[in-house]
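I have placed the structure first, in the form of structure tokens, so that the comments after it can refer back to it.
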Amino acid sequence: MTQSFRVDSGGRVDRSRPIEFSFNGKAYQGFHGDTLASALLANGVRAVTRSFKFHRPRGIVSAGVEESSGILAVDYGCGLLPVVRSTQMPLIEGLKAESQNCYPTPNFDFLRVLDYTRDFWPAGFYNKVFKWPSWHAYEWMIRHMAGLGRLPKTQNPARFCHMNAHCDVLVVGSGLAGLTAALQAARAGKEVIIVEQDTALGGSLLHDPSNVDGQTPANWLSQTISNLQELENVQIMLLSTVAGYYDDNFLTIHDRCAAYRKEDPIEVFWKVRAAEVVLATGAIEQPLLFGNNDLPGIMYAGAMRHYANRYGVQCGKRVVGLVNNDLGWHSVMALPDAGIEVAAILDTRAQVKKSLEVHAEKSGLAIHLGAVPIRARGSQSVKSLEYRDSQGRSASVQCDAIAMSGGLNPTVHLYSQAGGRLRYDADLACFVPDECRQQVKVVGAANGEFAAAAEYNIGGRLASPAKTNSQWVDFVHDVTVSDIELAHRENLQSVEHVKRYTTTGMAIDQGKTSNLNALTLLGELTGRSPGEVGTTTFRPNFMPVTMGAIAGIRRGNFYTPAKRLPAHDWHVAHNAVFEDYGGWDRPAYYGQDREQCIWQETLLVRESVGLFDGSPLGKIEVKGPDAAEFLNRIYINTVPTLKTGKIRYGLMLDENGVVFDDGVFIKMADDHFLINTTSAHAERIAAWLEEWHQCEWPELDIVMIPVTSQWAVVNLAGPKARDVLTSLPGMLDLSTEAFPHMSFASGQFGDGTPYRIQRVSFTGEQSYELSVPANKATTYFEQLLEIGQPHDIGLFGAESLTVLRLEKGFLHVGGDTDGVTNPLDVGFGRIIENKKHDFVGARSLKRPEDSRSDRRQLIGFETIDPSATVLPGAHVVTGSGASRRSEGFVTSACMSPTLEKTIGLGLLERGFERKGEEIQIYDEGKLVVGRIVDSCFYDPDGNRMRG
């Protein structure tokens, strides 16, 4: 396992600590301090993967976040993780890396045929082909080829978490500028957080030997870090990336430090609020445009210098420098110190500073000024570079690597996310920060401070004379100069349109090395400067963040933890079969045979008395002198006319007039109301009401208190319900005269337990909802079950409740309504007509659309054949064959144990006026004949419920 491209000494790796890893199943060795990229380069690996569209060979091109080619799948002990930048992945013992997007290997790919036929697949080709035959003939193939990586097939066993923090100053980046800013702020007594995505502080100081304040970079860095570590008000976060920058200096940070050290939790997703942010994110070297500029072995000059000085890695044995700026010269001229032969330096500028020429000549380097690169030659990696000299003569130079430098562009992604505006600096030939509404400062190279203007001195970015379909602008998405030209010919002028048409800058690198060239090209084609062309929008995340980190602990059962009833264990002991209902584990039925149990439980309630756990019912108390006025604006019903101790059923609408939720509301006192919501919407409604109060009607003097979990609800329903309840010591008079239907009262049992009782029914039978403190739930369930034995009491679950309410024809919001159902569609028109005051959604109901005569309206139906079955979702159809169309659909249906026939509810066009009409119900390939009837199938007069 010889590292043939590793120098014997130098760099910051620890050669005494070798690390074994594998790539595509082959064993390799690196050293502690390596990245996966540096270790692969040290072992002479060139082609590491294939490009997205044309499957061209790709090698490592950079040493940082801008890496657009060395994107691999990695397993460092926590399962396979796709789409990982090899330049950002620290080398870990036992790490396994695999190529992506290659069939079968990066050195030989059958799909390279797409490259040889790429004239057929230009930008936007998918909008112009596949029109015949049907798209479905191609879809399977396109979907199979799409994407760079593959999702893991097994669940990641690692643990993730979220953390929150706040600070006075958040410094992003730890180079010279970042550390200086952090130290100054810390010494001023401010709480400082330093975020660095590398394994060590220092930024470019880790590989740039230039002196700092008369000291070597190593000495200055050591002293500065020591000073920072001595301060208690400084927090340093390594291997952490600021992923997003949002309003009010709110930033998210993806912390991978523990993951790479194999600690627990594996990754942390930080949410940080900072009084001030300092962006010291540096700058990104840009590529040059010439033929085959994507071949493995072609890298950024600064990256080659980085690998040589920090890792002791030679990125090639014989290198050609291809530059258009002075900093590129410095990078290339540093390579001989690592034992790399520099065959020549080609500069696209006709003149350079004399000092550069003198330095190069002393080093014995050949110089070609005014050179124009034509194309790189090679198949799996670069072999030579063809160019034209200043006299226009063609020439070539043999090499195994090209160090190119097209200048620098500040890393402005986070600044742009913060809402900062950019301006084009013609002297620097790049976009630099201009102004931002947030408290953010940009320092160092991120602010365009690469060096003094005389030190930088960059030339233009011009396309090579080579064929434009072989000059690559975006190395990830295989976008060429010819694609930009095609977009221009298609009359796409906006940079946002060109971006989407060509997909430039839309890959995982977010245009870090492609956008600037693309903007420059578009400007040349349209006769505009890059500044006039403008920039695209940079969006979070700055770097890919694992889904596990974003989710934190909200995975599996913790995604939406199931809520349990206060008497859950009691129900378990009574053979309850639990199912999920709106996030609650609730008894669906009691027993073994589902259908038989539901049938028996339904008849139990009709004939004697059933006991049901209604604890999840949403309960929100609204208190204050304006409580009635507030609820009057929320419900379609008139609230102020409700008397104390009385209950009213009502509907809530959203702003579009669509039925949002239903339930009863109770007037407990003039300034005190209790509202019930559906179980699934309890939390949502509470938040929704708070939003209306705080944002729309803050002048109303009210307070809302969700009390759903404070009270357990014991529901007794059936003709013998009153007899059971009156047996409880301390129960009030429940006679119809004293406590009629839709009444409320509160009291205290003999043991001092407070209770609330509502006479409301969702079953069509005499029914009471007894609320007791949640910690008393088991006690009263057991007590009621015991004293109800002489009355043939039994338990019933949510499934039989659904049957009971359907027999009565009661509305189930969300089941019998959809996203366009308004109260007029479900028979609440008269209530709305009688209300004189405004309420949420009232204006929307005045639209012609909401009062169309052919709207789908809620109806009841029964099958002509009583034994026929119909499932919810079945369509009511008219016509046959190709002319068949749907007039509506079934929302609820069941075989009624009470009526012994199939009944149901549905939404049907002009349903209210079609009572008595026979309909065709299309269900799972068969037609069932039904008849529209009144939606209340059982006890239409309500005598059993009110008795």
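Of all residues in the stretch 166-185, none that is within 18 Å of residue 206 (Cβ to Cβ) has its Cβ atom under 8 Å from the Cβ atom of a residue that is outside any helix (DSSP H, G or I) and of a type in the set (Phe, Trp, Tyr), 6 or more apart or on another chain.
Only residues that are among the acidic types (Asp, Glu) and exposed (fewer than 13 other Cβ atoms within 10 Å of the Cβ): list them for the stretch 87-130, please.
119
Of the set (1) of a type in the set (Gly, Ala, Ser); (2) within 19 Å of residue 517 (Cβ to Cβ); (3) loosely packed, with under 15 Cβ neighbours inside 10 Å; (4) touching a strand residue (DSSP E or B) at 6+ places or on another chain (Cβ under 7 Å), all apply to residue 426 but (4). In the stretch 882-902, the condition of being of a type in the set (Ser, Thr, Tyr), touching a Cys at 6+ places or on another chain (Cβ under 8 Å) and either in a strand (DSSP E or B) or at pLDDT 95 or above (or both) is met by at least one residue.
Applying the criterion of being at negative phi and of a type in the set (Gly, Ala, Ser) to the residues of the stretch 208-241, the residue that is surrounded by the most Cβ atoms within 10 Å (Cβ to Cβ) is 240. Within the stretch 778-807, the set of residues being in contact with a Gly (Cβ under 7 Å, 6 or more places away or on another chain) and assigned to a helix (DSSP H, G or I) comprises 804, 807. With the condition kept exactly as written, say whether any residue in the stretch 647-661 is outside the structural domain of residue 742 (by TED's automatic domain parsing), buried (at least 16 other Cβ atoms within 10 Å of the Cβ), among the acidic types (Asp, Glu) and within 17 Å of residue 685 (Cβ to Cβ). Checking the stretch 647-661: at least one residue is outside the structural domain of residue 742 (by TED's automatic domain parsing), buried (at least 16 other Cβ atoms within 10 Å of the Cβ), among the acidic types (Asp, Glu) and within 17 Å of residue 685 (Cβ to Cβ).
Taken as a whole, the stretch 863-883 holds no residue that is out of contact with any Asp or Glu (no Cβ under 7 Å at 6 or more places or on another chain) and closer than 28 Å to residue 832 by Cα.
Among residues of the stretch 101-123 that are within 24 Å of residue 84 (Cα to Cα), those with a beta-carbon under 8 Å from a residue that is of a type in the set (Gly, Ala, Ser) at least six positions away or on a different chain give the pairs 101/51; 101/147; 101/149; 105/99; 106/47; 106/99; 107/47. Summed over the stretch 866-886, the residues that are charged (D, E, K, R) and either closer than 21 Å to residue 818 by Cα or surrounded by fewer than 12 Cβ atoms within 10 Å (Cβ to Cβ) (or both) give a count of 1. Every listed requirement among (1) out of contact with any Ser or Thr (no Cβ under 8 Å at 6 or more places or on another chain); (2) farther than 26 Å from residue 81 by Cα is met by residue 157 save one, (2).
Given the conditions (1) at pLDDT below 95; (2) on the phi < 0 side of the Ramachandran plot, and given that residue 924 satisfies all but one, which numbered condition is not satisfied? The failed condition is (2).
Is it fair to say residue 321 is buried (at least 24 other Cβ atoms within 10 Å of the Cβ), touching a strand residue (DSSP E or B) at 6+ places or on another chain (Cβ under 7 Å) and farther than 18 Å from residue 375 by Cα? So residue 321 fails the test.
In this structure, is residue 682 surrounded by fewer than 17 Cβ atoms within 10 Å (Cβ to Cβ), aliphatic (A, V, I, L, M) and out of contact with any helix residue (DSSP H, G or I) (no Cβ under 6 Å at 6 or more places or on another chain)?
Details: surrounded by fewer than 17 Cβ atoms within 10 Å (Cβ to Cβ): no; aliphatic (A, V, I, L, M): yes; out of contact with any helix residue (DSSP H, G or I) (no Cβ under 6 Å at 6 or more places or on another chain): yes.
Answer is no for this residue.
If the condition is being surrounded by 22 or more Cβ atoms within 10 Å (Cβ to Cβ) and either within 17 Å of residue 598 (Cα to Cα) or modelled with pLDDT under 95 (or both), then the stretch 766-794 contributes only 793. Scanning the stretch 510-531 for residues that are small (Gly, Ala, Ser), within 18 Å of residue 293 (Cβ to Cβ) and assigned to a helix (DSSP H, G or I) returns a single hit, 518.
Go through the residues of the stretch 257-270 one by one and say whether even a single one is assigned to a helix (DSSP H, G or I) and without any contact (Cβ under 8 Å) to a residue 12 or more places away in the chain.
Start the filter on the stretch 257-270 by keeping residues that are assigned to a helix (DSSP H, G or I), which leaves 257-260.
Subsequent filtering for residues that are without any contact (Cβ under 8 Å) to a residue 12 or more places away in the chain retains 258.
Yes, because at least one residue in the stretch 257-270 is assigned to a helix (DSSP H, G or I) and without any contact (Cβ under 8 Å) to a residue 12 or more places away in the chain.
Taking the criterion of being closer than 30 Å to residue 571 by Cβ, in contact with a strand residue (DSSP E or B) (Cβ under 6 Å, 6 or more places away or on another chain) and buried (at least 19 other Cβ atoms within 10 Å of the Cβ), would at least one residue in the stretch 814-836 satisfy it? Yes, the stretch 814-836 contains a residue that is closer than 30 Å to residue 571 by Cβ, in contact with a strand residue (DSSP E or B) (Cβ under 6 Å, 6 or more places away or on another chain) and buried (at least 19 other Cβ atoms within 10 Å of the Cβ).
Taking residues in the stretch 57-79 that are assigned to a strand (DSSP E or B), and partners anywhere that are surrounded by fewer than 22 Cβ atoms within 10 Å (Cβ to Cβ) and of a type in the set (Val, Ile, Thr), the pairs with Cβ atoms closer than 6 Å and at least 6 places apart or on different chains are 71/83.
Consider residue 739 carefully, then state whether it is assigned to a loop (DSSP other than H, G, I, E, B) and aromatic (Phe, Trp, Tyr). Yes; evaluated as a whole, the condition is true for this residue.
In the stretch 85-119, which residues are part of a loop (DSSP other than H, G, I, E, B) and closer than 24 Å to residue 17 by Cβ? Across the stretch 85-119, the qualifying residues are 89, 91, 92, 93, 94, 95.
The condition of being more than 30 Å from residue 34 (Cβ to Cβ) and in contact with a Leu (Cβ under 8 Å, 6 or more places away or on another chain) does not hold for residue 165. Selection over the stretch 227-245 of residues that are touching a Leu at 6+ places or on another chain (Cβ under 7 Å) and either more than 25 Å from residue 85 (Cβ to Cβ) or modelled with pLDDT under 95 (or both) gives a count of 3. For residue 736, the test of being under 28 Å from residue 601 (Cα atoms), in contact with a Lys or Arg (Cβ under 8 Å, 6 or more places away or on another chain) and of a type in the set (Ser, Thr, Tyr) is passed.
The values are calculated or read from the model by the stated rules, or taken from the named source; none is laboratory data. What you are looking at is a predicted structure, and each value in this text was computed from that prediction instead of being measured. Glycine also receives a Cβ, built like all others from the backbone with ideal geometry; neighbour counts cover every protein chain displayed.
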